[in-house]
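Participant: I'd like to ask some things about the structure below.
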Amino acid sequence: MPDALPRALPADLKVALVHDWLTGMRGGEKCLEVMGEIFPQADLYTLLHVPGSVTPVIENRRVVTSFVQKMPRAEQRYRWALPLFPRAIESFDLTGYDLVLSSSHCVAKSAIPDPAALSVCYCYTPMRYVWDRFDDYFGRKPLPLRAAIGVQARWLRAWDRRTSDRVQQWLPISTVVAERLRDWYGVPDERSRVLFPPVDVDRFRDAGRLPVPAGLESGGYDLVLSALVPYKRIDLAVTGAIAAGRTLVVAGKGPELEHLRELATTTAGPGRVVFAGAVSDEELPALYGHCRAFVFPGLEDFGITPLEATAAGRPVVAYRAGGVLDTVREGLNGVFFAEQDTACLAEALNDPRLDGPWDESAMVAHAAAFRRDRFRSELVAALTDAWNDHSARKVAHG
């Protein structure tokens, strides 16, 4: 493990890490793991912790949970407690901590710091359930329930905006998230510093040299890797590939699976769709390495999978919006489509550039800029700068 504490920060700095919930190792938890390496003695505050669901680097410390932990069947139903999350996150006593470092996509950023503390938020996005993705999460609910949730959402938006002032330094994961902080919270540019999350790109290098996945032809299929939920727009990838006459492999699982299967059988066109289900970590590199192109049809806060495909030397077909604008360069590692409709995506899938050749060494170099060690060093630098500014302000105000 690297040296733990940045030398530019006080050796006796008392740090609290705050994370929304601990139920599995996803992108946010991989960022939290790096924070845990930097501050191995830090306490960790979270609404809910499922023991064993995250790595020892995260769990091997004092973990403090909220009353959400004690709710019946909390592990499965904690999201239904969303209206209670503000009270839960504000219940933590962070008195005496010098630095509160939150890792937030929901309410973690609103933990109440000690008045003398520095509060820094690594922000994946403002609470998407009540801002830009309300319909994605609740649009299919029965109208009376949706209306009731809407009332709660308006209250949560007001609370979310009001408590954003508890954070002194924001570290958004992408340019589009920085724009949301400015537009929704009124965060000035000087309090916001984009810091791209870490991507494990090294394990995808030379993936095209691995054996071809069973039943597939190298370069003969396009690939989607995603949770199968509505806002990921895998439905668009399915209809676009069929219209374009391409073979699309859909890797992933989720509640949309049966709907997507039906869509694949009822959509007219010369293409076809293969549903691969959940793919193991061992299988994934070869699946990337032998695809013709990786398809990314949704609007995401960042988007790690396009960089994994890039590291494998395969181009990306991406919707021109969101976090992917920070990671995909037209002609270097992919092509864009401008509208989320079938015809527009089908046209992009038939772009002759996708058949190559692509400069794989340039693609690998581009992906390497997002490596884990880069994230760690930039996070240390951002925290050091924020601490120095915080200390200077304290001196200036006596």
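Participant: Would you please name the residue that is surrounded by the most Cβ atoms within 10 Å (Cβ to Cβ), looking only at residues in region 199-214 that are closer than 28 Å to Thr384 by Cβ and either modelled with pLDDT of 95 or more or among the hydrophobic types (A, V, I, L, M, F, W, C) (or both)?
Facilitator: Val199
Participant: Then there's this: Quick one: count up the residues across region 51-66 that are in contact with a helix residue (DSSP H, G or I) (Cβ under 6 Å, 6 or more places away or on another chain) and surrounded by 18 or more Cβ atoms within 10 Å (Cβ to Cβ).
Facilitator: Number of matching residues: 3.
Participant: Would you check which residues across region 49-82 are in a loop (DSSP other than H, G, I, E, B) and of a type in the set (Lys, Arg) and list them?
Facilitator: Across region 49-82, the qualifying residues are Arg61, Arg62, Arg73.
Participant: Among the numbered conditions (1) more than 23 Å from Glu378 (Cα to Cα); (2) crowded, with 18+ Cβ neighbours inside 10 Å; (3) basic (Lys, Arg), tell me where Lys30 comes up short.
Facilitator: It is condition (1) that Lys30 fails.
Yes or no, residue by residue, for (1) crowded, with 18+ Cβ neighbours inside 10 Å; (2) farther than 30 Å from Val395 by Cα; (3) of a type in the set (Lys, Arg); (4) not assigned by TED's automatic domain parsing to the domain that holds Val34:
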| site | (1), (2), (3), (4) |
| --- | --- |
| Leu44 | yes, no, no, no |
| His49 | yes, yes, no, no |
| Val68 | yes, yes, no, no |
| Asp93 | no, no, no, no |
| Ser103 | yes, no, no, no |
| Pro113 | yes, no, no, no |
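Participant: Given the condition assigned by TED's automatic domain parsing to the domain that holds Val249, of a type in the set (A, V, I, L, M) and not in a helix (DSSP H, G or I), answer yes or no: does some residue in region 182-190 qualify?
Facilitator: No, region 182-190 contains no residue that is assigned by TED's automatic domain parsing to the domain that holds Val249, of a type in the set (A, V, I, L, M) and not in a helix (DSSP H, G or I).
Participant: From the list Val229, Val238, which residue is over 24 Å from Ile173 (Cα atoms) and under 25 Å from the mean Cα position of the chain (by Cα)?
Facilitator: That would be Val238, the only listed residue that is over 24 Å from Ile173 (Cα atoms) and under 25 Å from the mean Cα position of the chain (by Cα).
Participant: Tally the residues that are farther than 12 Å from Leu345 by Cβ and more than 28 Å from the chain's Cα centre (by Cα), restricting the search to region 241-268.
Facilitator: Final tally of qualifying residues: 6.
Participant: With the condition kept exactly as written, say whether any residue in region 157-165 is basic (Lys, Arg) and touching a residue at least 24 places away in the same chain (Cβ under 8 Å).
Facilitator: Within region 157-165, one or more residues are basic (Lys, Arg) and touching a residue at least 24 places away in the same chain (Cβ under 8 Å).
Participant: Could you tell me whether Leu101 is under 27 Å from Ala382 (Cβ atoms) and in a strand (DSSP E or B)?
Facilitator: yes
Participant: For region 211-236, which residues satisfy the criterion of being part of a loop (DSSP other than H, G, I, E, B), over 12 Å from Val249 (Cα atoms) and in contact with a Leu (Cβ under 9 Å, 6 or more places away or on another chain)?
Facilitator: If the condition is that a residue be part of a loop (DSSP other than H, G, I, E, B), over 12 Å from Val249 (Cα atoms) and in contact with a Leu (Cβ under 9 Å, 6 or more places away or on another chain), then Leu228, Arg233 are the ones that fit.
Participant: Would you confirm whether any residue within region 72-83 is surrounded by fewer than 23 Cβ atoms within 10 Å (Cβ to Cβ), polar (S, T, N, Q) and modelled with pLDDT under 95?
Facilitator: yes
Participant: Further, regarding this structure: Quickly run through region 272-293 and pick out the residues that are under 16 Å from Thr247 (Cα atoms), touching a Lys or Arg at 6+ places or on another chain (Cβ under 7 Å) and among the hydrophobic types (A, V, I, L, M, F, W, C).
Facilitator: Phe275, Cys291, Ala293
The values are calculated or read from the model by the stated rules, or taken from the named source; none is laboratory data. Only a predicted model underlies this, so the values are computations on that prediction, with no experimental measurement involved. Cβ sites come from the backbone with ideal geometry, for glycine too, and all protein chains shown count toward neighbours.
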